[in-house]
Amino acid sequence: MYALTVVHLYPNSMNTYGDNGNIEVLKRRMEWRGMDALVKFSDVGDSIPEGDIYFWGGGQDISQSVVSSDLVAKSRFLSEEAKKGKVFLLICGGYQLMGRYYITPNGEKIDGVGVLDMYTVASNERMIGNTLIKSSLVSPPTIVGFENHGGKTYINGSPLGMVEIGFGNNGSDGTEGMVSGNVVGCYQHGPLLPKNPHLADWLIEKALFVKYDREVKLAKLDDELEWRAHRFMLRKRRGRFLS
Amino acid sequence: MRTCRRVRKIILPLIAGKLSGFVASVRGGGTALPGLVVESLNPRFMSNVTRPAKRIILVSGTNGKTTTSKLIVEMLRRSGYSVLHNTSGSNLRRGIISTLLPHLGITGRFRRAFDFAVFECDEFALNGVVEELDPDVVVLGNLFRDQLDRYGEVDTVRKRWKSFSGRPGLLVVANGDDPSVASVANGIGVFYFGVEVQGSGSGPKDVVFCPVCGSRLHYSFYSFSHLGDYRCSRCGFARPNPDVVVKMDSDGEYGIFINDKGFPLKTTLRGVYNLYNVSAAILVGAILGIDLGDMLDVVSAFKPAFGRQEVLRCCGKTVHVILVKNPIGFSQALGAYLDPQDKKNVVLLLNDGIADGTDVSWIWDADVSPLGYGVKRLFVGGRRAYDMGLRIKYAGMAGEMEFVLSKRDLFRAIRSVEGDEVYVFPTYTAMLSLKKYFSRLKGTRFWE
């Protein structure tokens, strides 16, 4: 009986834009395959339990500075977990804080965990709207989402994909997100996983591989609704794309 | 004002606005168009014309603006005052301007002096409107995540509001149970309302941190979401004592307490969120000197405003329409209406227009569990029906969900249910299309 532990980082401090829906998706997709999914939480002041998949979502500005102080004691643990190949799904604020640093609107430099070789600079422009990403990580190679961020991220490594519609990491270089080993970070809300079941399964497969030290083939699920929802967002690009 | 300036700032915009209003009414629709025309010719139009009423009240907040302002308007009218009021959906600056236009003479003077003007005002537009209209009272109802793609964050609005608190001559009526709102209003001229009734389900929480110092807030009581009795352990920021508060006694009856004196409160409005609207309206009424008996009568007889909770007869059934627009409203509405002892036929309609919020991720922050225990048949429609379907699927709702992707499908679905009642929970533009479609069907009756 396969089992995975999903650790939700900062579930109360950083939980805007419905990103906790990603946890629901991971959990159910495992349960529907007869696997056990245990979800644990770790917020400001808590220690981090060991997990197979770490999820970290977006938050409001005020949370980000409180969380970054809390992060100082936890950075080492998170870096080592990433080195061990544990899976990380990072959205928006969580993505930014796993990078090297973040420059706030006041010009203050906040240190990140440093797992992703990238940095973010806050800007006054808000990059908001439905997005379409072309990504070779998954098949079919499309990821649909919704972005809403002021920070511009500059990566030194592989992106999650290239932006077909939307702004992506910084609105200029065409990249969106970043992948480093089993650490996946991006600006995609939506939430990300419900309409991108292929990405959800990619994360689950990687986590199983690391935990059980062999490839575990996932049973196919009835994803008709997921793909209808995904394709509906692809169709939007033909007409006016709502921003 | 010099003549050429007066022409530019007042007369020209007025003519253009009134003309466009005439054109729009002939073609049908477009309530805010005249205001938009005026606003583009002179953004500060409202500060250039005379004062629309002796006393001006603005009502803002994420949820409850329409219900709260309608309650206040009815209380004032019942007391014999003339009241100018904007209809729901016209709560941006251009909508308020559109409301003023029909009453303005060409030189920018109001034809009649209203006793009161009560305007519901969008949270983001509030600062500008306060500047231009110079109101006597501003009601700050609450701050929840709503239409994130428009505002970005709750904190942004809160910071903007802080800049007008302390404005001389302005009375602020604030929801003290909401830490974001309570942190905005401080000092003289602030009154607080609250509710000490526990809502069903905890729902998602937006603010967990002290808006003043950033530490975690501790709650001894939640009415719902992040509203309740809170205290910051670090800086001492805490829920202020409400001047008006709604409580519930051991028999389940509501009472309204004004400066600790209690009176029985009767209302047909459902949900804890509506108790906040009542509490706010009564506090405003008390400040304005309205007779308490009149206020309580208005509350007990109050029928909800356009679309918020509305009942109509159509397709051979009694159709209840309850507008939803954000996680809190949605969770509360489902919790208030769905009952395992009395399962209902439910239709969810999710659109993603500008007025609905183009980012539909908010449905994942809503507590949809009542759909698991209180539903006979469940229909899902609207442009983003599939997103709603996924929300329900991943919430583990084992039951059957039926998609109604066209108006015809919806019509047939409603006709096909057992029993007489159907409950529709649409987002804003879905509600508008629904009403438009129903009004064209033979035999539809709207009950106001």
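The values are calculated or read from the model by the stated rules, or taken from the named source; none is laboratory data. As the structure is a prediction and not an experimental result, all values here were calculated from the model. Virtual Cβ from ideal backbone geometry, glycine too; neighbours counted across all protein chains shown.
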Scan of the stretch A:11-41 for residues that are of a type in the set (A, V, I, L, M, F, W, C) and touching a Ser or Thr at 6+ places or on another chain (Cβ under 9 Å), ordered by number: A:Met14, A:Ala37, A:Leu38, A:Val39
Out of A:Glu215, A:Glu164, sole residue that is of a type in the set (D, E, K, R) and part of a strand (DSSP E or B): A:Glu164
Pairs, first in a strand (DSSP E or B) in the stretch B:178-191, second of a type outside the set (Phe, Trp, Tyr) and at pLDDT below 90, C-beta under 9 Å, six or more apart: B:Val190/B:Ser165; B:Phe191/B:Ala185
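Only one residue in A:Lys206, A:Lys195 is charged (D, E, K, R), within 14 Å of chain B (Cβ to nearest Cβ) and surrounded by 18 or more Cβ atoms within 10 Å (Cβ to Cβ). Which one?
After ruling out the rest, the residue left standing is A:Lys195.
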Residues located in the stretch B:33-50, provided they are within 12 Å of B:Ile97 (Cα to Cα) and assigned to a loop (DSSP other than H, G, I, E, B): B:Asn42, B:Pro43, B:Arg44, B:Val49
Only listed residue being within 16 Å of A:Gly190 (Cα to Cα), under 24 Å from the mean Cα position of the chain (by Cα) and assigned to a helix (DSSP H, G or I), chosen from B:Ile392, B:Ile363: B:Ile363
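Restricting to the stretch A:114-143, name every residue that is more than 14 Å from chain B (Cβ to nearest Cβ), in a strand (DSSP E or B) and of a type in the set (Val, Ile, Thr).
The answer is A:Thr120, A:Val121, A:Ile133, A:Thr142, A:Ile143.
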Matching entry among B:Gln341, B:Gln309 (being without any contact (Cβ under 8 Å) to a residue 24 or more places away in the chain and more than 12 Å from every other protein chain (Cβ to nearest Cβ)): B:Gln341
Residues within the stretch B:403-417 that are exposed (fewer than 14 other Cβ atoms within 10 Å of the Cβ) and within 14 Å of chain A (Cβ to nearest Cβ), tallied: 1
Verdict on B:Thr107 being of a type outside the set (A, V, I, L, M, F, W, C) and touching a Pro at 6+ places or on another chain (Cβ under 9 Å): no
Restricting the stretch A:150-171 to residues that are under 14 Å from the mean Cα position of the chain (by Cα) and not polar (S, T, N, Q), the residue that is farthest from the other protein chains (Cβ to nearest Cβ): A:Pro159
Residue count for the stretch A:1-48, restricted to those that are more than 16 Å from A:Phe88 (Cα to Cα) and in a strand (DSSP E or B): 2
